[in-house]
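One structure is given here, and the rest of the page talks about it.
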Amino acid sequence: MYLTIKALHIIFIVTWFAGLFYIVRLFVYYTEAETMQEPRRQILQEQYRIMMKRLWFGITWPSAVLTLIFGPWMLILLGSVPFWLWIKLGFVLGLYVYFFFLHGIFKDLMKGRVKLTSTQLRVWNEVATIFLVAIVFLVVLKSFLSMIWAMVGLIIFVVVLMLAIKIYKNIREKKSR
């Protein structure tokens, strides 16, 4: 039974992350459409709203809920919580905070309120990647020393990611001139 629950947990983690990765891309596209002329702007933003709503409520929310069901179910079947798992659960809590933050952005965009720039949203798009890397390393490595190295690697990864976003922004600005 444990392996079946674990498989379902992994499946819904994957679909949840797919939704998290794609929804922020849609946020970026919606925000970038703000600068376009009518009627193109309205047409694109309406299409993005439809896509966001279907993705958010059809895939992302159900996957987040099912992940939250199967994760604790696995813990119950496991019987004990090793040290590394407590750290992983801390990252999972952070991931749910991020998820609810994205829900706030989603609600604003559904009402036509754009509060963040496309560059800010690109940075937020990478947060799910950071959580994914941290959680996978913790689940696979499971030792304290390995976790320290994983955290060092995660910090380096974040720095490289932020540099890549900055470089990409500079390239886009040069092309638009």
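The values are calculated or read from the model by the stated rules, or taken from the named source; none is laboratory data. As the structure is a prediction and not an experimental result, all values here were calculated from the model. Cβ coordinates were reconstructed from backbone atoms using ideal geometry, including for glycine residues, and neighbour counts include every protein chain displayed.
Sort out which residues of the range 44-89 are modelled with pLDDT under 90, of a type in the set (V, I, T) and part of a helix (DSSP H, G or I), and write them in order of number.
I87
Tell me which residues, restricted to the range 140-177, are part of a helix (DSSP H, G or I), touching a residue at least 40 places away in the same chain (Cβ under 8 Å) and loosely packed, with under 13 Cβ neighbours inside 10 Å.
Step one: filter the range 140-177 for residues part of a helix (DSSP H, G or I), giving 140-141, 144-176.
Among the residues that remain, those that are also touching a residue at least 40 places away in the same chain (Cβ under 8 Å) are: 141, 144, 147, 165, 168-169.
F144, Y168 - these are the residues of the range 140-177 that are part of a helix (DSSP H, G or I), touching a residue at least 40 places away in the same chain (Cβ under 8 Å) and loosely packed, with under 13 Cβ neighbours inside 10 Å.
Give V92, V114, V123 a once-over and let me know the one that is surrounded by 14 or more Cβ atoms within 10 Å (Cβ to Cβ), of a type in the set (V, I, T), touching a residue at least 40 places away in the same chain (Cβ under 8 Å) and not in a helix (DSSP H, G or I). Break it down into steps so the answer makes sense when it comes.
On the way: V92 fails: not in a helix (DSSP H, G or I); V123 fails: not in a helix (DSSP H, G or I).
So the residue among V92, V114, V123 that is surrounded by 14 or more Cβ atoms within 10 Å (Cβ to Cβ), of a type in the set (V, I, T), touching a residue at least 40 places away in the same chain (Cβ under 8 Å) and not in a helix (DSSP H, G or I) is V114.
Let me confirm something: among I171, I130, I155, I135, which residue is among the β-branched types (V, I, T) and within 16 Å of Y22 (Cα to Cα)? Quick ask: steps written out before the conclusion?
Numbers: I171 fails: within 16 Å of Y22 (Cα to Cα); I155 fails: within 16 Å of Y22 (Cα to Cα); I135 fails: within 16 Å of Y22 (Cα to Cα).
Within the list I171, I130, I155, I135, the selection yields I130.
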